[in-house]
1. Enumerate by residue number the trypsin sites (Lys or Arg not before Pro) in the stretch 77-125 meeting two conditions: DSSP loop (anything except H, G, I, E, B), and at most 16 other Cβ atoms within 10 Å of the site's Cβ.
2. Tell me, what ³J(HN,Hα) does each residue in the stretch 49-54 have, in order and in whole Hz, if you take phi through Karplus 6.51 cos²θ - 1.76 cosθ + 1.60 with θ = phi - 60° and put x for Gly and Pro?
3. Amide H of residue 28: which non-local residues (sequence gap of 5 or more, or other chain) have their own amide H closer than 5 Å, using H built in the peptide plane?
4. Would you grab the residues whose amide H sits under 5 Å from the one on residue 38? Only those 5+ places off in sequence or on another chain, please, with H modelled 1.01 Å from N.
5. Cβ under 15 Å from residue 148's Cβ, residue 148 left aside: what net charge do those residues give with Lys, Arg +1 and Asp, Glu -1?
6. Kindly report the accessible area of the stretch 89-176 per residue (heavy atoms of protein chains, probe 1.4 Å, no ligands, DNA or RNA), in Å².
7. Compare the Cα positions of 82, 46, 67 along the charge dipole of the stretch 21-82 (+1 at Cβ of Lys, Arg; -1 at Cβ of Asp, Glu; about the Cα centre) and return the one farthest towards the positive end.
8. Excluding residue 163 itself, what net charge comes from residues whose Cβ is under 10 Å from its Cβ, given Lys and Arg +1 and Asp and Glu -1?
Amino acid sequence: MTDQTPPSVDALPAGAPPAGHRAAEVLVADTLVVVDVQSAFVTGDGAVPDAARLVDRTAGLLARARAAGALVVHLQNDGPPGAEDEPHTPGWELHHPVVPGPAEFVIRKPYDDGFRETRLGAVLTAHGSRAVAVCGVMSEMCVQATARTALDRGYRVVVPHDAHATQDCPAVPGVADAVPAAVVSRVAAYALGSDAEVTAPASALAFTAPPFPAAPADAVRGAAA
């Protein structure tokens, strides 16, 4: 099986919108990609600013996606030796518990782009995904790279503005002042262009099941990434 351009998502049912939002404001996705929400990035001295907010938002997205039967993919970055996210170290572990099932996957990745040399593309194709919500860390690195490739492959993409985060960009003497993390995140999302929805809050996002919510395991394993 190979990746194909997804069909239009305009006809997706909205389901039950989150409380406090008018139906017209609700965005619907059939897939949630949680990028690198690993212990090193959301706990301890290396945590992104306001990590508690990020964890709260991503946990809420996970709960609603699971309840709706949406496809859930946890991306887990494999850092180089000595990095805070070096495989099989405490910092590498996923922060959110994984609920095993036919529509929830953990995909390890060696690059910023979650599609590059992974089976993410195969998993989305096997389930018939059409609309992908992307959240996690870091905004200008792995979140942006993964969202951009999803756009390039024809998916509708939502990057809730309060469900991704990064670190402050340090000053470079004689070149630039420090840039606060919130500004870095906003610019990273804005740079995706008008084809991605980057101004909606996580609370405005609803989920539905993809066309093939329980794709055969051999279809997922056998498809090209």
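1. Listed in order of number, the matching sites are 116.
2. Listing the rounded values in order: x, 6, 4, 4, 5, 4 Hz.
3. 206
4. Residues meeting the criterion, in which the H sits 1.01 Å from N, are 95.
5. -2
6. With all protein chains present, the stretch 89-176 gives 40 Å² per residue.
7. Of the options given, the answer is 67.
8. 0
The values are calculated or read from the model by the stated rules, or taken from the named source; none is laboratory data. A quick note: this is a predicted structure, and the numbers were derived from the prediction, not measured. Note that each Cβ is placed from the backbone with ideal geometry, even for glycine, and that neighbours are counted across all protein chains shown. Heavy atoms of the whole protein, side chains included, go into the accessibility calculation; ligands, DNA and RNA do not. Shrake-Rupley method; radii C 1.70, N 1.55, O 1.52, S 1.80 Å.
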